[in-house]
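These notes are about the structure you will find just below.
The values are calculated or read from the model by the stated rules, or taken from the named source; none is laboratory data. Remember, predicted model here, so these are calculated numbers, not experimental data. Note: areas computed on protein heavy atoms with side chains; ligands, DNA, RNA excluded. Shrake-Rupley method; radii C 1.70, N 1.55, O 1.52, S 1.80 Å.
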Amino acid sequence: MFDIWITFICEFEGNDHTYDFQTCDNTMPPRLKVILEGNIGKSLCSIGGIEIPKHQAVRNDTEREDKSWPDV
């Protein structure tokens, strides 16, 4: 984990692949890490239905989908 990023490894057809997942805020990676660590050894497909915690909106983030806050 680093700031708004979490990196994890999945195995596919015997090969390891690294994934870098960017989140919307820095509170999400620790929560996502707990979920991933709790499912080590399971296929990505098998955990695909797990609910990922919603992110906290980031004020003044031009990339955000939530436009409820006015830009200051």
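Counting only protein chain heavy atoms and rolling a 1.4 Å probe, the accessible areas of Glu37, Glu13 rank, largest first, as Glu13, Glu37. One decimal place: the segment Cys10-Asn26 gains 3.5 nm when fully extended, by the rule 0.36 nm per residue minus the C-alpha distance. Overall size of the range 1-46 from C-alpha positions, given as principal axis extents largest first: 32, 18, 14 Å. Accessible-area rank, largest first, for Cys24, Cys45: Cys45, Cys24, with all protein chains present and a 1.4 angstrom probe. Summary value for the range 1-45: 38 percent relative contact order, contacts being C-alpha pairs under 8 angstrom separated by 6+ residues.
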